[in-house]
Amino acid sequence: NIIDTAREDGIEIGIEQGIERGVEKVAKELKSMGIPVETIAAASGLSREDVERL
């Protein structure tokens, strides 16, 4: 039914957002450790611009 579908969609979105935040947190930590932005971008899947904004 519609409510179950909406609930499942909400759960999926929440999981995706959580994963994205985790990737950004690790990328930010790597950046603070002096790891090159290009390396972080390649390993994390984030764009160079996204890594630079962290």
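Report the relative contact order of the chain, percent, no decimals, based on alpha-carbon pairs under 8 angstrom and at least 6 residues apart. All intermediate terms of the calculation are to be shown ahead of the outcome.
Working: 22 pairs, mean separation 15.6, N = 54.
Relative CO of the chain lands at 29 percent.
Label I11 and A42 with points 7 Å out from Cα along Cα→Cβ: what is the distance between them in nm?
3.8 nm
Provide Rg and Dmax in Å for the chain, with only Cα atoms included in the calculation.
15.1, 50
Using per-residue counts of other Cβ atoms within 10 Å, averaged over each peptide, order 24-35, 9-20 from highest down. Display every interim value, and only then the final one.
Working: 24-35: 13.2, 9-20: 10.2.
Packing order, densest peptide first, comes out as 24-35, 9-20.
For the range 6-21, what does the Karplus curve 6.51 cos²θ - 1.76 cosθ + 1.60, with θ = phi - 60°, yield as ³J(HN,Hα) per residue in whole Hz, taken in order and with x for Gly and Pro?
Whole-Hz 3J(HN,Hα) from phi for the range 6-21: 5, 5, 4, 4, x, 5, 4, 4, x, 5, 4, 5, x, 5, 4, 5.
Throughout, read-outs are computed from the coordinates displayed, never taken from laboratory work. Keep in mind that what you see is a predicted model, and the values were worked out from it rather than measured. Ideal geometry is used to build each Cβ from the backbone, glycine not excepted, and the neighbour counts take in all protein chains shown.
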